[in-house]
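The values are calculated or read from the model by the stated rules, or taken from the named source; none is laboratory data. Not measured: the values here are computed from a predicted model. Backbone-built Cβ (ideal geometry, glycine too); neighbour counts: all protein chains shown.
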Amino acid sequence: MHFDARNLPNNSTIEGDICIIGAGAAGISIALDWSKTGKKVILLEGGGFKYETQLQNLYKGKSTGQKYYPLHGTRLHYFGGTTGHWSGFCSPFDSLDFDKRDWVPESGWPITKKDIDPYYIKAQKVLQLGSYEYDLNYWQKEIENLNPFPLDNSVVWNKMWQFNRSRFGELYKNEIVNSNNIHLYTYANVVNILANENVSTINEVVVKNHAGKEHTVKAKQFILASGAIQNTRMLLASNSQAKQGLGNDNDIVGRYFMEHLEISTSELWLLKPFPTDLYQYNGKPRAELAITKEKQIENKILNGTLSLSPLSYAKHTIPRMELLQEDDYNKAIKNYRANMAEAKEKAKLENTGSITRAFELDIRIEQAPNPNSRISLDSEKDELGVPRASLHWDLTDLDKRSIRKINQLVGIEAGKANLGRMKLNDFLRDENDNSWPDGTNAGWHHMGTTRMSNDPKKGVVDENCQVHGINNLHIAGSGCFTTSGASNPTLTLVALSLRLSEYLKGKV
Ligand SMILES: Cc1cc2nc3c(=O)[nH]c(=O)nc-3n(C[C@H](O)[C@H](O)[C@H](O)COP(=O)(O)OP(=O)(O)OC[C@H]3O[C@@H](n4cnc5c(N)ncnc54)[C@H](O)[C@@H]3O)c2cc1C
C-alpha cells in the first residue's frame, strides 16, 4: 500500500507493528522480508519516487578536515535511496575483517563472518547477483579467460567481485506498493524520535514534509535505515529527552566515520602482454589483487585491494574528488561523465604497441577506525528544522602506511614472477611523507558512525543492531560496521539488515 504523507489530514497518527525509517537498500530489504507476515509494516520514506532538488537539499551539510564531496552529492533522497545511482560492485567482507587485530585500533566485531554468511546468501538474491560464490576456481569454470597473474599466492590472492546495478526504487516499487501489509508513506521525513521518560523505549516518531504537514508514527519496534549520516543526524537531533542525543550517553554516535579510500597509487608495466579478462571491468565477475591474511598480520596493515585500469585511459581521468565538488549535483555528475568519455576517446587514439601493457593500479582500502573522524550537528538547520550534518573526515598514518605496503608487496611479487615492474606514485615514495594527494578519492561509502560493539562504552549498537539502552530502537546499514573491510558496503549492509530483520521477527 502507498500513501503520500502530504495528502493525509494534518496531525494524523499512524500505527503499526514495526516502523522502518528510510526506503533505501537497507529499509526495502527489511520491508520485503516482512511481506506476507501478517504484521503491519510502516515504511517511512522522506522523498517521493524520483529525484527532487528540494528534498535532496535536506542532505546538504558541511565538511572539514580531509577534502570530501559535498554531502548532498553522496546520497539520494527518494524511494530506493542511493541505489538510484550506485555502481553495483559487490563482494563480501573477509573473515579477518571481523577479527580483533591488535594493530588496528578498536577493531573486532562482536560477530564473525560465519554469523553473517547465511544472510549473505539471502542478500545476493535481494541484490539480484549470481550465486554466493566468490572463489576464483568457481568462476573459471563459468567464464572463459579468467587467467590470474602468476603471483605467489601466499602473498597475493585474487578477490572476486560480482556486479549488478540494481536500482531498488525500480525493482521493488510494485511489490511494495501492492503489498497488503507493507504501508509505504512517501514525503514522510522523520524529524524527531521521542522516547519514554527514562529513554529506554521509543514511543513515537514525528514526520514532516514541505507541504507543512506533521504526523505521528507509533510502533512496537523502530528501525533507522536512512543511511549512516542521516541515522546519526536523527539520533543526535532527537535530544529533547537525552541531551546528548539518543544512544549517545558515551559520546560515540557519529564518531568513527569511515570511508573506502580509492586512490591511484602506482603503475604496473607488464614485460609482455598477458591475455586475461580477470581484472577487467566488463560487467562480469572480476578480481582485484588482495593481500593474504598472513601477510596482513605480518606487516600489520589494513585490508585493501588493487584494481587495474589501462594507463592509456586512466592517465586522462581527473580525480573525482576534484570533479565532484560542484554544489549543483546534476552538473557535477555531468562533468564526471564527460571526463570519462573524453578519457575513453583519448585512450582509443593511443592504444597501440606497448601502451596496452601498462596499467594504473588503484587501491580500495578500509579506513582505520578513528574517533576524530566524525559526523556531528551543525548550527544551521534544514527547511524542516533539523540541524544539518557536519563531517570532519580524518585519516591516519596507518591508512597511508598500509597503502604503501600493499603496493610494495604486489610490486615485489610482480618482479619476482617476471610479470612486470611497478612504479609507485610520488606521494608513496618517501616513508616519512604523510601527506595525501589531491586525488584522494572516497567511494561514497559512509560507515562506522553507529558502530557495533557489545560494550556500550565502545559502540552504539549491540550485536543485534539494537541501540544500547533503548529496547525497541535498531539501526540498519553500514553505520553499524565496526571496521570497514576492503569490500564495498552494500552487500554486507543488506546481509546485516536481513539478520536484524530475522532477530526482530522473534520480538514482534
Ligand atoms: C555514486 C555511488 C556509487 C556507489 N557504488 C557502490 C558500489 O559499487 N557498491 C556498493 O556496495 N556500494 C556503492 N555505493 C554505496 C551504496 O549506494 C550505499 O551503500 C547504499 O545505498 C546504502 O543503503 P542504505 O539503505 O543504508 O541508504 P540509502 O540507500 O541512502 O537509503 C536511505 C533512504 O532513507 C531515506 N531517508 C533519509 N532521511 C530520511 C528521513 N529523515 N526520514 C525518512 N526517510 C529518510 C532516503 O530518502 C533514502 O531513500 C555507491 C554510492 C554512490 C553515491
*Is there any pair linking a residue in the range 470-496 that is farther than 27 Å from residue 17 by Cα to one that is among the polar types (S, T, N, Q) and within 11 Å of the ligand (Cβ to nearest atom), with Cβ under 6 Å and at least six apart or on different chains, and which?*
487/91; 489/478
_Whether any residue in the range 459-479 is out of contact with any strand residue (DSSP E or B) (no Cβ under 9 Å at 6 or more places or on another chain) and among the acidic types (Asp, Glu) is what I want to check._
no
*Run down 489, 456 and say which single residue is within 16 Å of the ligand (Cβ to nearest atom) and either in the same structural domain as residue 249 (by TED's automatic domain parsing) or at pLDDT 95 or above (or both).*
489
_Given the options 225, 195, 237, name the one that is aliphatic (A, V, I, L, M) and more than 28 Å from the chain's Cα centre (by Cα)._
195
*From the list 323, 271, 311, 278, which residue is touching a residue at least 60 places away in the same chain (Cβ under 8 Å), surrounded by fewer than 22 Cβ atoms within 10 Å (Cβ to Cβ) and over 15 Å from residue 155 (Cα atoms)?*
271
_Could you tell me how many of the residues in the range 198-226 are over 12 Å from residue 20 (Cα atoms) and not in a strand (DSSP E or B)?_
9
*Where in the range 1-77 are the strands (runs of 3 or more DSSP E), entirely inside, with at least 1 residues that are within 13 Å of the ligand (Cβ to nearest atom) and closer than 26 Å to residue 492 by Cα?*
13-21, 41-44
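Does the range 60-76 include one or more residues that are among the hydrophobic types (A, V, I, L, M, F, W, C), at pLDDT 95 or above and more than 30 Å from residue 396 (Cα to Cα)? Talk me through it step by step, then tell me what you get.
Filtering the range 60-76 for residues among the hydrophobic types (A, V, I, L, M, F, W, C) gives 71, 76.
From the residues that got through so far, the ones that are at pLDDT 95 or above too are 71, 76.
Next, only the ones that are more than 30 Å from residue 396 (Cα to Cα) stay: none.
Among the residues of the range 60-76, not one is among the hydrophobic types (A, V, I, L, M, F, W, C), at pLDDT 95 or above and more than 30 Å from residue 396 (Cα to Cα), which makes the answer no.
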*What are the residue pairs meeting all of these: first residue in the range 132-146, first residue in contact (Cβ under 8 Å) with a residue 60 or more places away in the chain and surrounded by 14 or more Cβ atoms within 10 Å (Cβ to Cβ), second residue of a type outside the set (Gly, Ala, Ser) and assigned to a helix (DSSP H, G or I), Cβ atoms under 8 Å, and 6 or more apart or on different chains?*
146/136; 146/139; 146/140
*For the range 380-397, what are the residues that are in contact with a strand residue (DSSP E or B) (Cβ under 6 Å, 6 or more places away or on another chain) and among the small types (Gly, Ala, Ser)?*
389, 390
*Verdict on residue 434 being more than 27 Å from residue 223 (Cα to Cα), within 16 Å of the ligand (Cβ to nearest atom) and of a type in the set (S, T, N, Q)*: no
*Restricting attention to the range 168-184, and to residues there that are surrounded by 15 or more Cβ atoms within 10 Å (Cβ to Cβ) and within 25 Å of the chain's Cα centre (by Cα), which single residue is farthest from residue 412 (Cα to Cα)?*
184
*Of 413, 383, which residue is surrounded by fewer than 18 Cβ atoms within 10 Å (Cβ to Cβ) and touching a residue at least 12 places away in the same chain (Cβ under 8 Å)?*
383
*Wholly within the range 115-197, which strands (runs of 3 or more DSSP E) include no fewer than the required count, namely at least 1 residues that are closer than 24 Å to residue 307 by Cβ and outside the structural domain of residue 96 (by TED's automatic domain parsing)?*
156-163
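Given the residues 449, 440, which is the only one that is within 16 Å of the ligand (Cβ to nearest atom) and within 21 Å of the chain's Cα centre (by Cα)?
Exactly one of 449, 440 is within 16 Å of the ligand (Cβ to nearest atom) and within 21 Å of the chain's Cα centre (by Cα), namely 449.
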*Name the strands (runs of 3 or more DSSP E) wholly inside the range 239-318 in which the number of residues that are on the phi > 0 side of the Ramachandran plot and at pLDDT 95 or above is 3 or more.*
none
